[in-house]
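**Student:** Sharing a structure below in structure tokens format, with a few things to ask.
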Amino acid sequence: MKINLPEKDRWSKKQVAIYIIIAMICIGAIVVAFYVQFYARVDLGSLMGMEKEIKIGNKTEEEAETKKEEFEQIFTNSIENEQGQENKKKEKEKPLVYTKTEKKESKLNRYDVEVYIPYINIDNPQIEKYNKEIETFEKKVERILQSQNKNTIYTVEYVANVQNDILSLMIRSNLKEGTSAQRVIVETFNYDLRNNKEITLEEVLKIEGLEKSVIQAKIKNEIEGEQRKVEDLRKLGYNIYPRDVSKDRYQIENTKVFYLTHDTLYVIYAYGNETFTSEMDLIVI
């Protein structure tokens, strides 16, 4: 008796090709997801073409000047964006950065104080160090209120933002005590939320796809331009804070004060951080 066994299923070349394509697409999706999760700082919406990608560093000279003029208005005493950072918060019900101390008080012929002092709401040793540094602004308020000095004006304001998993916080204080020169201090705190560490300006440039040499040249050109203005004013008898572009302070690796926001990177040289002056150079990228 002859027994007929069932024939093995045979895939056509077309079917094989389809399955190979599907497998390649799946593998590609896994690789992209892994890269985005652990290495790249890419917004998935932009990656998939659903949102317009915002690029830092392509501003015209006119746009940069407009940003400088609007700098005074960016201090909102709040965080502008913190989406997706709920798991980082120490106090879940509060923002990632919030106003810890708010005080507005005046006393005739003594002082005029208006301060908004932030607190970074993350449980981390580096962040605790930041919060300790921020407390110095609060201690200054206490000394002013207890002092017998006359005609003291003191303000503190801040703004914070999260972009590409980088938390950027900028604080500005303005102090005028009696007949002494006005002093403006600008401090920034920049923290890599993905890797739980402080982040440098050089690292931010890499993340944003900006050439270090190009940005260094821009800083040099702008500081030299400001120094030329200083020399012109000195000839007219004004005493303006001098710039020396050859100093190491203007090197990117030594630049600590910078603020990253939605479409702009601010590089700041606030000379009041070291002495009694309101002079400041603002580089807009």
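**Student:** Once the piece of chain linking Q227 and E72 is laid out straight, how much longer is it, given 0.36 nm per residue of separation minus the C-alpha distance between them?
**Tutor:** Stretched fully, the Q227-E72 segment lengthens by 53.6 nm.
**Student:** So, one more: Sorted by average packing, counted as other Cβ atoms within 10 angstrom per residue and highest first, what order do 83-89, 258-264 take?
**Tutor:** In descending order of packing, they fall as 258-264, 83-89.
**Student:** I want to check the label-to-label distance for T60 and D263. Put each point 7 Å from Cα in the C-beta direction and report it in nm to one decimal.
**Tutor:** Taking the two extended label points, one gets 1.3 nm.
**Student:** Let me ask you something else. Quick one: net charge of P125's neighbours, Cβ under 15 Å, K/R +1, D/E -1?
**Tutor:** Here the count lands on 0.
**Student:** Still on this structure, please answer the following. Rounded to the nearest 0.05, what FRET efficiency do E203 and L145 have when you use their Cβ-Cβ distance and R0 = 41 Å?
**Tutor:** So, using R0 = 41 Å, E works out to roughly 0.55.
**Student:** Okay, moving on. Pairs to check: K67/K90; K90/K247; K88/K139; K176/K256; K67/K256. Give those whose C-alpha atoms are more than 29 Å from each other in this structure.
**Tutor:** In this structure, K67/K90; K90/K247 lie more than 29 Å apart at Cα.
**Student:** Once fully extended, how much extra length lies between E93 and Q251, figured as 0.36 nm per residue of separation less the alpha-carbon to alpha-carbon distance?
**Tutor:** Using 0.36 nm per residue and subtracting the Cα-Cα distance, I get 52.8 nm.
**Student:** Quick check: from the Cα gyration tensor, does region 148-208 come out rounded (a/c under 1.5), prolate or oblate?
**Tutor:** Note, shape of region 148-208 comes out prolate.
**Student:** Given the pairs K104/K132; K100/K129; K140/K220; K59/K229, which span a C-alpha to C-alpha distance of over 27 angstrom in this model?
**Tutor:** K140/K220
**Student:** Of K68/K212; K92/K197; K68/K89, which pairs sit farther than 24 Å apart, going by alpha carbon to alpha carbon?
**Tutor:** Numbers: K68/K212 21 Å; K92/K197 21 Å; K68/K89 32 Å.
As for pairs spanning more than 24 Å Cα to Cα, those are K68/K89.
Read the figures in this text as sums done on the coordinates, not as results from a lab. Just so it is clear, the model here is predicted, and its values are computed rather than measured. No Cβ is skipped: glycine too gets one built from the backbone with ideal geometry, and neighbour counts run over all protein chains shown.
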